[in-house]
Amino acid sequence: MDLAILLALAASFCTATSSVCQRLGARHLEANGHQVRGFDPWLVVRLATQPVWLLGFTAMIAGFVLQVAALHFGPLALVQPILAVELLLVFGYLAMRTRSRGMRWHEWLAAVAMSAGVSVFLRAASPSQGQPHAPALSWWLGGLATAAVAGA
């Protein structure tokens, strides 16, 4: 189970790195005067000339391999919420890149809320002590809480 957690965290790191690197590679391509309008079959070829984009592509493949390995060693209820940490890592990467403007309070609040949500989900799912069926009260409380958050 501990190995599943480590692999899921490594997968999150790889996919977050992939997202940021591929975005930077595409932005660098646009900065060099390449405009993409409609379907462009040569876009991947041009992107592949960007080392940072290739790093992102490699990190994406590594992230997928690590996700599969994590799922081999742990249940989906444990691995999937940990993979959501990717959003926090992307957030951290972007925060480091845009240090000049600083982080706004609602951005920090969103990051903390997401982290708390992942923690609560892991605790509520109790992946190490699973049961075949959840009690009806749990379904109702979960549904009402989700509806309240979505409505807000």
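The values are calculated or read from the model by the stated rules, or taken from the named source; none is laboratory data. Keep in mind that this is a model prediction, so the values were computed, not measured. Glycine gets a Cβ as well: all are built from the backbone with ideal geometry, and neighbour counts include every protein chain shown.
Here's the yes/no breakdown for (1) modelled with pLDDT of 90 or more; (2) charged (D, E, K, R); (3) within 30 Å of Ile82 (Cα to Cα):
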residue	(1), (2), (3)
Val20	yes, no, yes
Ala26	no, no, yes
Asn32	no, no, no
Gln35	no, no, no
Pro41	no, no, no
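Condition check: exposed (fewer than 11 other Cβ atoms within 10 Å of the Cβ), of a type in the set (A, V, I, L, M, F, W, C) and modelled with pLDDT of 80 or more. Does Ala148 satisfy that?
yes
Restricted to the range 41-64, and to residues that are among the β-branched types (Val, Ile, Thr) and surrounded by 14 or more Cβ atoms within 10 Å (Cβ to Cβ), which residue is nearest to Gly25 (Cα to Cα)?
Val52
So, in the range 76-104, of the ones that are over 15 Å from Ser19 (Cα atoms) and either in contact with a Phe, Trp or Tyr (Cβ under 6 Å, 6 or more places away or on another chain) or surrounded by 15 or more Cβ atoms within 10 Å (Cβ to Cβ) (or both), which residue ends up modelled with the lowest pLDDT?
Among those that are over 15 Å from Ser19 (Cα atoms) and either in contact with a Phe, Trp or Tyr (Cβ under 6 Å, 6 or more places away or on another chain) or surrounded by 15 or more Cβ atoms within 10 Å (Cβ to Cβ) (or both), it is Ala77.
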